Amino acid sequence: MLAARDLTKEYQSGTSALAVLKDVTFEIPQGAFVAIVGPSGSGKTTLLGLLAGLDLPSRGTVLLDGADLTRLDEDARARLRGEKVGFIFQSFQLIPTLTALENVQVPLELRGDADAAPRARDLLQRVGLGDRLGHFPNQLSGGEQQRVAIARAFANQPRILFADEPTGNLDGTTGDRIVALLDQLNRESGATVVIVTHDLTLAEHAQRVIRLKDGVVVEDRPSRSAVSAAPAPTGAA
Ligand SMILES: Nc1ncnc2c1ncn2[C@@H]1O[C@H](COP(=O)(O)OP(=O)(O)OP(=O)(O)O)[C@@H](O)[C@H]1O
Ligand SMILES: [Mg+2]
């Protein structure tokens, strides 16, 4: 389970503190597929970074499978991320001096995976980049770089995958392919998937939608697809 309790993040701006997240509280059970939505600047990327333990809140706690991330030091958080968390950044963050294949292979090698190269190749094939393995990030289009980032995040079979705008730069067909991969990870591996998206169709494809506005949760509800998939009410018993 993943839980946020009274999460607050402030940045110092001159002499005053600017709160970009205010007392955000929710629980996400293992295996859920959740979309975080909201206007630009509402705090979505900040929240994702706190949930993944990439950043620390000013106040409040994040519980990841019982571990309070805010009480762990940087090394312990990095270890926990390596074991459990996959993260697809809004800005991809590929390593520019490594090819597409190497970018995906490195996290596998760091885990001591003996089949790192074939697994990385397979993952890149699944995101449609089988013919771009030797390309460096600056030789790939924005959408292609994004797909390398997605393959890399899937590489260590995370228990929790965070994805910041995973389909933001992709055309409809490629975006559908990525959504199918997210679904597969969610359904077959039981991974929790938490995405940030401006794409309302994708948001409703998740099971639950959490809406932020000015750093506050203003809505937390089942998605339309989750509601229509639920059994119809049977009326008075
Ligand atoms: N390091 C920082 N220092 C000061 N302010 C910051 C910092 N990082 C983010 N902010 C501010 O926090 C607010 C929330 O930023 P965040 O990136 O979480 O928004 P977002 O909801 O992801 O927006 P978008 O949809 O545009 O990606 C913004 O107003 C931003 O300017
Ligand atoms: Mg953002």
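The values are calculated or read from the model by the stated rules, or taken from the named source; none is laboratory data. From a predicted model like this one, the values you see are computed outputs, not experimental measurements. Please note: Cβ atoms are built from the backbone with ideal geometry, for glycine as well, and neighbour counts cover all protein chains shown.
Points worth noting:
- Residue list for the range 68-88, filter: closer than 22 Å to E27 by Cβ, touching a helix residue (DSSP H, G or I) at 6+ places or on another chain (Cβ under 9 Å) and not in a strand (DSSP E or B): L69, T70, L72, R77, L80
- Enumeration of residues in the range 23-46 that are part of a loop (DSSP other than H, G, I, E, B), within 16 Å of ligand 1 (Cβ to nearest atom) and among the polar types (S, T, N, Q): S40, S42
- Condition met for S58 (more than 16 Å from V85 (Cα to Cα) and within 8 Å of ligand 1 (Cβ to nearest atom)): no
- If you check G14, G82, G38, G86 for being buried (at least 18 other Cβ atoms within 10 Å of the Cβ) and modelled with pLDDT under 95, only one passes: G86.
- Listed conditions (1) more than 16 Å from ligand 2 (Cβ to nearest atom); (2) farther than 30 Å from T97 by Cα; (3) out of contact with any helix residue (DSSP H, G or I) (no Cβ under 6 Å at 6 or more places or on another chain) are all met by A203, apart from (1).
- Pair list, Cβ under 8 Å, 6 or more apart: the range 36-50 residue within 10 Å of V196 (Cβ to Cβ), other residue assigned to a helix (DSSP H, G or I) and more than 6 Å from ligand 1 (Cβ to nearest atom): I36/L47; I36/L48; V37/L200; V37/A203
- When we screen A120, A163 for residues that are buried (at least 22 other Cβ atoms within 10 Å of the Cβ) and farther than 22 Å from A206 by Cα, the only hit is A120.
- Test: residue in the range 104-117 that is away from ligand 2 (no atom under 16 Å from the Cβ), part of a helix (DSSP H, G or I), small (G, A, S) and buried (at least 20 other Cβ atoms within 10 Å of the Cβ): yes
- Members of the range 106-156 that are of a type in the set (D, E), touching a Lys or Arg at 6+ places or on another chain (Cβ under 7 Å) and more than 24 Å from E83 (Cβ to Cβ): E144
A quick yes/no check of all residues on (1) under 26 Å from R5 (Cβ atoms); (2) touching a residue at least 60 places away in the same chain (Cβ under 8 Å); (3) in contact with a Leu (Cβ under 9 Å, 6 or more places away or on another chain); (4) crowded, with 18+ Cβ neighbours inside 10 Å:
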| residue | (1), (2), (3), (4) |
| --- | --- |
| T167 | no, no, yes, yes |
| D171 | no, no, no, no |
| N186 | yes, yes, yes, yes |
| P222 | yes, no, no, no |
| A230 | no, no, no, no |
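- When the range 109-137 is filtered for residues that are in contact with a helix residue (DSSP H, G or I) (Cβ under 9 Å, 6 or more places away or on another chain) and over 22 Å from A180 (Cβ atoms), the ones remaining, listed by number, are E109, L110, R111, D113, D115, A116, A117, G134, H135, F136, P137.
- Looking only at the range 51-67, residues that are in a strand (DSSP E or B) and under 19 Å from V194 (Cα atoms) come to 5 in all.
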